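Below you'll find the structure, written out as structure tokens, and then a few comments.
What follows draws every value from the coordinates through simple rules; no lab data is involved. Here the structure is a predicted model, which means the values were calculated and not measured. Note that each Cβ is placed from the backbone with ideal geometry, even for glycine, and that neighbours are counted across all protein chains shown.
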Amino acid sequence: MKPYAESCEQNRDPILAVLREVFADRRHVLEIASGTGQHAVYFGQALPHLSWQTSELPGNHAGIHAWLDEARLPNVLPPLTIDLHEDAWPVERVDAIFNANTVHIVSWPAVERMFAGIGRVLAPGGILCLYGPFNYGGNFTAESNARFDAWLKSRDPESGVRDFEALDRLACQQGLVLRQDIAMPANNRTLVWQKMDRG
């Protein structure tokens, strides 16, 4: 039985509207933390010009394979193993990276390592799209996000809604410049950075 996340069904169309624009001239996308695989199948079908590389921890690979086997999309690739606690990623170079709803789940050191990995594999000129809830100036943008943060911390004190400014500092350290900060439904945002060519 395929895994299913209701949130993926609820947010996929607003995210797709953004990806149609920012990934229009991209070719090879790495999705960090593909979760159930629902996003990969939906976006891969809607954006056939992209080669969409899924990734996850090994325990989630079977669920992603279930979605991929059913969809049979030639441009959506089987999951690679990416562990944000490990420095080595089995990816050489991509021109786009997508991640949804991860930075508030994992610890801050894992977020730092994620951005370091992004810096290693994202080609100059490449685009990073990060979707989720974010704080600004240390403040929640909605009461629902404050409740969500409290719930996250009750499960894992190292998790929580992250400050945009802290994420942007990590991005800047990897040569990424913020291009767009897009309001999304349910008090979420999509942050779009581009990697500069330091050469």
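Listed by position, the helices (runs of 4 or more DSSP H) enclosed by region 97-199 that each have at least 1 residues that are surrounded by fewer than 15 Cβ atoms within 10 Å (Cβ to Cβ) and of a type in the set (Ser, Thr, Tyr) are 143-155. Condition check for Ala146 on (1) touching a strand residue (DSSP E or B) at 6+ places or on another chain (Cβ under 6 Å); (2) more than 25 Å from Val29 (Cβ to Cβ): one failure, at (1). When the criteria are applied in full, Pro124 meets the requirement of being farther than 26 Å from Glu9 by Cβ and in contact (Cβ under 8 Å) with a residue 60 or more places away in the chain.
Taken over region 1-23, the residue count meeting the criterion of being touching a residue at least 12 places away in the same chain (Cβ under 8 Å) and closer than 24 Å to Ala123 by Cα is 7. Residues in region 3-45 that are surrounded by 17 or more Cβ atoms within 10 Å (Cβ to Cβ), out of contact with any Cys (no Cβ under 9 Å at 6 or more places or on another chain) and of a type in the set (Ser, Thr, Tyr): Ser34 only. Annotation note: of Trp52, Trp67, the sole residue that is in contact with a strand residue (DSSP E or B) (Cβ under 8 Å, 6 or more places away or on another chain), crowded, with 22+ Cβ neighbours inside 10 Å and of a type in the set (Phe, Trp, Tyr) is Trp52. Applying the condition of being touching a residue at least 24 places away in the same chain (Cβ under 8 Å) and assigned to a helix (DSSP H, G or I) to region 55-64 and asking which residue is surrounded by the most Cβ atoms within 10 Å (Cβ to Cβ) yields Ile64.
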